[in-house]
Amino acid sequence: MIHTLVRDWMTQDPITVRPETKIIEAYQLMVTTRIRRLPIIVRNLPVGIVTLSDLYQVKPFDIVSEEEQTLCQTLEQMKVEEVMSPDPITITEDATIGKAAQTMLEHKISGLPVVAPKAGNLLGIITESDIFRIVAQEWSTRHHGSLPLPRRSA
């Protein structure tokens, strides 16, 4: 399991946005597609990443405004580049899952854009959920292919 390659478990061709994408559009995209992070790309190179947590941090009082209408207009105009984490930590598709997990733990992040080894263009994304699925599958395989049912609360 630890030597399994990222390319075998990553989400290929992930949903992405550009730096000028409005925050509200990114949020709606994340909600409707049920994802928690979006790589930000320019010419297919990852320049940032934005998470739902980043978007939740955008609070009305962070914006200087007296009137609610002005505030709403300001929020509608904000772009993801204003809240994204720039220069995201990435991993190559030929790295091991062990390396991906170690990198996520070291940097306290929940996902890594996967890039081509030399060109650096975005190929996919590997997340903590992907790694958890690998662990669950490995555990299931070792225990005769069955996972126990979760305990029900009383």
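Descriptive notes on the structure:
- Members of the stretch 1-17 found to be touching a residue at least 60 places away in the same chain (Cβ under 8 Å) and part of a loop (DSSP other than H, G, I, E, B), listed by number: Met1, Ile2, His3, Thr4, Trp9, Met10, Asp13, Pro14, Thr16
- Selected residue (only one of Glu25, Glu66 is assigned to a loop (DSSP other than H, G, I, E, B) and either at pLDDT below 95 or under 25 Å from Ser129 (Cα atoms) (or both)): Glu66
- Residue count for the stretch 82-101, restricted to those that are part of a loop (DSSP other than H, G, I, E, B) and surrounded by 15 or more Cβ atoms within 10 Å (Cβ to Cβ): 7
- Scanning the stretch 102-119 for residues that are crowded, with 17+ Cβ neighbours inside 10 Å and either at pLDDT below 95 or not in a helix (DSSP H, G or I) (or both), we see that the one that is nearest to the chain's Cα centre (by Cα) is Gly111.
- Scope the stretch 28-49; condition assigned to a helix (DSSP H, G or I) and either without any contact (Cβ under 8 Å) to a residue 12 or more places away in the chain or at positive phi (or both); matching residues: Gln28, Val31, Thr32
The values are calculated or read from the model by the stated rules, or taken from the named source; none is laboratory data. Being a predicted model, the structure only gives us computed values, none of them experimental. Ideal geometry is used to build each Cβ from the backbone, glycine not excepted, and the neighbour counts take in all protein chains shown.
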